[in-house]
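Reviewing the structure listed below.
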Amino acid sequence: MKRYWILIFSIPFLLMAAVKNGNPKVASVVSSPGAITVVIDAGHGGTDRGTRSKQPFCEEKRLCLQTARLVRKYLDQLGYHVVMTRNNDAFVPLSRRVEIASQSSSSIFVSIHYNSARSPLVEGAEVFFYDSKENQKRTISSKKLAEAVLPSILRRTGFASRGVKKGNYYVLRESAMPAIIIEGGFISNPQECALLKSIDYQEKIAKGIADGIDRYFKGSKSSL
């Protein structure tokens with residue numbers, strides 16, 4: 001019995017160590033058998049800070065991680081199995097992010113980012129997908145995913161739409177499954193940035209992303 005008690009008390013500490021070290025597979029929440037696996041990629045991290053603003057102070061890498069964690073929470077509640085490419089402030093190479101998605105046998109890859117522009121007046125949210133000439137099936141599915149997620153974000157946040165767009169980004173191009181990049185707003189816009197930093201907005205965009213993902217899978221099932 002002593003051996004079993006040691007094992008029981010060790011499990012929480014092993015999980016905490018996994019989260020601290022940014023291990024996405026161990027840190028992911030255990031879901032019911034047969035649950036759809038979704039990879040949530042918090043953009044940037046570690047030495048890669050992403051875009052920043054001084055007034056108000058804001059770092060993209062922090063917003064990405066905060067949003068990704070909330071998306072995971074809402075997807076967990078909807079019954080999905082979520083794998084994070086990073087769960088702390090760690091630098092993860094783009095190739096490793098794609099590798100994590102492949103190793104997890106994920107159905108989709110969703111990368112979360114925030115935007116920047118030279119003009120402080122530029123605003124709104126947009127979603128990118130990759131137009132693959134070699135794999136049109138993946139292209140069509142990626143576009144459908146983008147078209148499901150963006151409206152859900154806009155409904156929750158009230159932000160302006162910058163549309164669904166094609167993008168030749170590494171994680172989109174190299175992923176084997178349908179993949180999108182979400183740009184959730186402009187850090188370079190002072191008014192929008194202030195909203196982005198608020199927990200209220202973080203909750204809204206996370207719910208919008210989760211709603212859109214759920215809508216995508218329900219739409220896919222109904223079309224079979």
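FYI, it's all coordinate maths here, none of it is from the lab. All of these numbers come straight from a predicted model, not from anything done at the bench. When we count neighbours, we look across all protein chains shown, and the Cβ atoms used for this are built from the backbone with ideal geometry, even at glycine.
Residues of segment 178-200 with an amide N closer than 16 Å to a point placed 7 Å from the Cα of residue 133 along the Cα-to-Cβ direction: none. The label point for residue 94 and the one for residue 176, both projected 7 Å from the Cα toward the Cβ, are 2.0 nm apart.
Taking amide H positions as modeled 1.01 Å from N, with prolines and chain starts lacking one, the residues under 5 Å from residue 43 and 5 or more places away or on another chain are 112. Given 212, 136, 105, which one lies farthest toward the positive end of the charge dipole of segment 29-222, if we put +1 on the Cβ of every Lys and Arg and -1 on the Cβ of every Asp and Glu? Projecting each Cα onto the dipole axis, the largest value belongs to 136.
Karplus-derived 3J(HN,Hα) values for segment 176-190, using 6.51 cos²θ - 1.76 cosθ + 1.60 with θ = phi - 60°, are 7, 10, x, 9, 9, 10, 9, 10, x, x, 9, 5, 6, 9, x Hz; glycine and proline are entered as x.
For residue 82, the residues whose modelled amide H falls within less than 5 Å of its own, excluding neighbours fewer than 5 places apart on the same chain, are 29, 38.
Here the 3J(HN,Hα) profile of segment 200-214, calculated from phi with Karplus coefficients 6.51, -1.76 and 1.60 at θ = phi - 60°, is 4, 5, 4, 5, 5, 5, 5, 5, x, 5, 4, 4, x, 5, 5 Hz, Gly and Pro shown as x. Of the peptides 105-112, 76-83, the ranking by mean beta-carbon count within 10 Å, highest at the top, reads 105-112, 76-83.
Highest mean packing comes first when the peptides 66-72, 189-195 are listed by Cβ atoms within 10 Å, giving 66-72, 189-195. Average projection, convex hull of the Cα set of segment 152-223: 5.9 square nanometres. Annotation for segment 111-156: trypsin sites (Lys or Arg not before Pro) lying in DSSP loop with at most 16 further Cβ atoms inside 10 Å of their Cβ are 118, 133.
All C-alpha pair distances within segment 29-222, sorted into 10 Å bins from zero, spread as 10, 39, 39, 11, 1 percent across the bins.
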